[in-house]
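What follows is a set of notes on a single structure, which appears directly below.
The values are calculated or read from the model by the stated rules, or taken from the named source; none is laboratory data. All of these numbers come straight from a predicted model, not from anything done at the bench. Cβ placement follows ideal geometry from the backbone for every residue including glycine, while neighbour counts extend to all protein chains displayed. Remember, those area values only see protein heavy atoms, side chains included, never the ligands or the DNA or RNA. Shrake-Rupley method; radii C 1.70, N 1.55, O 1.52, S 1.80 Å.
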Amino acid sequence: MIEFEIADQADQKFATTLNLQRVSLRLRYNPIIDRWSFDLSVDGEAVLHGRRIVTGVDLLAPFDFGIGVIFALPEGDAEPGRSELPDGRVKLYSAQDAEVDAAIAA
């Protein structure tokens, strides 16, 4: 499992490798709805735009990108507002399907 480090910037981009594929994420904060969203590129191809970050769900579940899952987990009842992602009260993770299955079985 990978925990993404979120900087205290309202617009940021970073890249990693997930399931042997190059993945780029661009996170942006929207002050009108007080939430973060992300764009996703896999192997240089933009595949997702403006996906809102909410807690407790696989943010990639409706799609089949072959890179596993991305999810946000809060401390307590924190919501992914402007400061909660950068300060770690809400954390953004990536995991492979096998890791999720093992965690559920445990």
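Below is a table of values for the structure above.
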item: So Phe71, is it within 19 Å of Thr17 (Cβ to Cβ) and part of a loop (DSSP other than H, G, I, E, B); result: no
item: Cβ-Cβ under 7 Å pairs, at least 6 apart or on other chains, the stretch 82-94 side free of Cβ contacts under 8 Å to residues at least 40 places away in the same chain and at negative phi, far side among the polar types (S, T, N, Q) and surrounded by 15 or more Cβ atoms within 10 Å (Cβ to Cβ); result: Val90/Thr55
item: Selection count, the stretch 35-78, where residues are open to solvent by 70 Å² or more (accessible area, probe 1.4 Å), in contact with a Gly (Cβ under 8 Å, 6 or more places away or on another chain) and of a type in the set (Asp, Glu); result: 1
item: Single condition Asp11 does not satisfy, out of (1) of a type in the set (Asp, Glu); (2) modelled with pLDDT under 95; (3) at negative phi; result: (2)
item: Conditions (1) of a type in the set (D, E, K, R); (2) assigned to a strand (DSSP E or B); (3) surrounded by 18 or more Cβ atoms within 10 Å (Cβ to Cβ): number failed by Arg26; result: (3)
